[in-house]
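*Asks:* There's a structure below that I have some questions on.
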Amino acid sequence: MSLRHHPIMNTINLAAGGLQYLINGRTPGEAYQSMIRLFCQTSGASNDRLASLVSHIKPPVQLPQARGVAGDFDAATLARITAGIDERGYHVFEQRLSPELCDRLTAFALQAPCSVRAIGEASDRQVERYVPDNPIGVRYDLSTQSVIDNADVQSIMADASIIAVAQSYLRSLPLIDVMTMWWSTACQGQPDSLAAQYFHFDMDRIKWLKFFIYLTDTGPEQGPHCYVEGSHRTGGIPATLLKKGYARLTDEEVRTSYPPDKLIEFTAPRGTILAEDTRGLHKGKHLASGHRLMLQLQFSNSLFGGDYTPTHFTKIVDPGLQAAAQRFPRIFTNYLRLQGTPPG
Ligand SMILES: O=C(O)CCC(=O)C(=O)O
Ligand SMILES: [Fe+2]
């Protein structure tokens, strides 16, 4: 190991970057890389330390009744769901989005502009919309602007059941910081690393929780999301795999490292909501047929970490979001054009 990447150097870089972040809201690239290296060097303990620090700075707040698309949770239910995610890394909600809501979101996704990496091309191209009969790439990402301006998406962003679970798991007032919606197709014979079809862990933030919402029925052939149960825990990824750093792993490498009952494939009907800590190993299975439409929300305890181009609501059309954004601007700060807002 070079001295530059020694854990002590990483810790110094991270502390200096953290201070800079508190001052100007920007994470220096070197500090972010140090956070990733320390995660690998400490099997996750460094992120745990940072997360408990953030919990003190931005503690949870009193939220409205946790009722919404994922269910209606009293304190005991919320605690049970949280304990499940702490233990296994995920929770599949019994309640699903209504068929009407799935229909509306699917209709929206069939006419929204997308970016797609066509097979054999080196960069993404913009297309007017996804054409199911004639896919040219394995993943079509809907334009973030159209996604966040959609009224149904806005109501899910402001959903009290989702926000309550995020806050409970993060032990901190959460922020929504990645909103994505994408089609996955069967147009390629083998898995695609750009489309996240090889096992990997995410490491954009200190601590976060992703909500995956299936908008099409997802059987074994339609690229179910896959997860290694418990691999999000400190020490949950063996050193042999962490040695490879922030890398894509083969199925073989993962299979030989975990008992078969820990490898979960989430086949589920449309409308299903899955909350998952993607610090654990996960992937989207390569599709054998059909397509899969996913809506994803990421909630983080802080925006410290990777750099994303900011996108702001053109207009808030959902009254629920309007009210929630007024009451809890921090949750939506990444998408609101606010003057003089302190960094998240
Ligand atoms: O497509 C999937 O199921 C996996 C996507 C993924 O890796 C992610 O959203 O972090
Ligand atoms: Fe991922």
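*Asks:* Output the relative contact order of the chain, whole-number percent, from Cα pairs under 8 angstrom with separation of 6+ residues.
*Replies:* 25
*Asks:* Carbon and sulfur: what percent of the chain's accessible surface (1.4 Å probe)?
*Replies:* Percent of accessible area from carbon and sulfur atoms in the chain: 54.
*Asks:* Another question, if that's okay. Please compute the modelled spin-label separation between Ala76 and Glu128, points set 7 Å along Cα→Cβ, answer in nm with one decimal.
*Replies:* 5.7
*Asks:* Over the chain, what portion of Cα pair distances is larger than 39 Å, expressed as a whole percent?
*Replies:* Across the chain, Cα pairs with separations above 39 Å total 10 percent.
*Asks:* Loop only by DSSP, 13 or fewer other Cβ within 10 Å of the Cβ. Give me the GluC sites (Glu not before Pro) in region 73-123 that pass, ordered by residue number.
*Replies:* Passing sites in region 73-123 are Glu94, Glu121.
*Asks:* Counting alpha carbon pairs within less than 8 Å and at least 6 residues apart, what relative contact order, in whole percent, applies to region 87-220?
*Replies:* Computed over region 87-220, the figure is 22 percent.
*Asks:* Quick one: check the C-alpha center-to-center distance for region 229-300 versus region 150-202, whole angstrom.
*Replies:* Cα centres, region 229-300 to region 150-202: 13 Å.
*Asks:* Long-range amide H contacts for Thr27: which residues qualify at under 5 Å (H placed 1.01 Å from N, peptide plane, sequence gap of 5 or more or a different chain)?
*Replies:* Gly305
*Asks:* Rounded to whole Hz and in sequence order, give me ³J(HN,Hα) for region 313-330 from the Karplus expression 6.51 cos²θ - 1.76 cosθ + 1.60, θ = phi - 60°, writing x for Gly and Pro.
*Replies:* Computed from phi, the couplings for region 313-330 are 4, 6, 7, 8, 9, 8, x, x, 5, 3, 5, 5, 5, 6, 7, 10, x, 4 Hz.
*Asks:* Continuing with this model, one more query. Using the Kirkwood formula on the Cα atoms of region 150-259, what hydrodynamic radius do you get, in angstrom to one decimal?
*Replies:* This gives a value of 16.6 Å.
*Asks:* Let me ask something else about it. Restricting things to alpha carbons, tell me how big region 1-86 is in terms of Rg and Dmax, in Å.
*Replies:* Cα only, region 1-86: 17.5, 52 Å (Rg, Dmax).
*Asks:* Residues with beta-carbon under 13 Å from that of Pro238, excluding Pro238: net charge, scoring Lys, Arg +1 and Asp, Glu -1?
*Replies:* It works out to a net charge of +4.
*Asks:* Suppose we look only past 23 Å in the calculated P(r) of region 196-344. What percent of the Cα-Cα pairs does that tail hold?
*Replies:* 47
The values are calculated or read from the model by the stated rules, or taken from the named source; none is laboratory data. Here the structure is a predicted model, which is why all the values come from computation and not from measurement. So basically every Cβ, Gly included, is an ideal-geometry build from the backbone, and we count neighbours across all protein chains shown. Just the protein is used for accessible areas: all its heavy atoms, side chains included, with ligands, DNA and RNA removed. Shrake-Rupley method; radii C 1.70, N 1.55, O 1.52, S 1.80 Å.
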